[in-house]
Amino acid sequence: MARGEMLEFAPDPGGRRVLKLLLIASLAAGALASLAKPMPVPGLPFWLIAPVWTLIYILMAVAAWLAWKKGGWRTWAMTLYAGQLVLNLFWRTWPGPAIAVVLDFFMLLTLIALFRRNTWAALAFLPCLTWIVFLTVSSVAHWHLL
């Protein structure tokens with residue numbers, strides 16, 4: 001490239017590149033978290049847990065993409081999304097009821113921010129929050145029995 005030239009990208013009117021980026025980032029966080037000791041979920045067969053987590057991370061990415069389409073990167077919705085993804089990674093690596101409750105609260109804030117940005121994004125994120133709350137209740141019950 002000659003001096004002063006700018007790198008140009010083909011137009012991406014539907015934001016498919018961003019969707020792919022968010023999917024890769026979310027699934028990468030899930031893959032990193034899965035390297036930790038798997039967390040048993042009472043009442044669910046072990047073979048079902050990995051596909052559920054994969055679906056959850058895909059739904060998170062779709063929710064973030066829908067919010068991004070409405071407001072771009074520099075919004076509370078995207079900041080909270082990134083934060084809950086990092087917290088999710090920590091919680092999956094070092095499970096414990098305290099981190100789980102903080103994650104629940106952070107995901108609730110993310111859901112509210114997504115709802116304010118895009119209703120469909122919030123609807124895509126709702127199963128993620130439901131899953132995490134279910135796991136928190138299971139985790140707290142498990143720790144209470146110890």
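Values computed for the structure shown
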read-out: Counted residues, region 48-64 - those being open to solvent by 40 Å² or more (accessible area, probe 1.4 Å) and under 14 Å from the mean Cα position of the chain (by Cα); value: 5
read-out: Positions within region 93-113 being farther than 20 Å from Trp53 by Cβ and in contact (Cβ under 8 Å) with a residue 24 or more places away in the chain, in sequence order; value: Leu109, Ala113
read-out: Residue among Ala67, Ala50 that is closer than 17 Å to Leu21 by Cα and of a type in the set (Gly, Ala, Ser); value: Ala67
read-out: Test: Thr136 is farther than 25 Å from Leu48 by Cα, among the polar types (S, T, N, Q) and modelled with pLDDT of 85 or more; value: no
read-out: Test: Ala100 is at pLDDT below 75, of a type in the set (A, V, I, L, M, F, W, C), open to solvent by less than 40 Å² (accessible area, probe 1.4 Å) and within 21 Å of Val140 (Cβ to Cβ); value: no
read-out: Odd one out for Leu80, checked against (1) more than 12 Å from the chain's Cα centre (by Cα); (2) modelled with pLDDT of 90 or more; value: (1)
read-out: Given (1) crowded, with 16+ Cβ neighbours inside 10 Å; (2) modelled with pLDDT of 90 or more, number of the condition Pro127 does not satisfy; value: (1)
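The values are calculated or read from the model by the stated rules, or taken from the named source; none is laboratory data. These figures come from a predicted structure and were not determined experimentally. We place every Cβ from the backbone using ideal geometry, glycine too, and count neighbours over all the protein chains shown. Note: accessible area is taken over every heavy atom of the protein model, side chains too, but ligands, DNA and RNA are not part of it. Shrake-Rupley method; radii C 1.70, N 1.55, O 1.52, S 1.80 Å.
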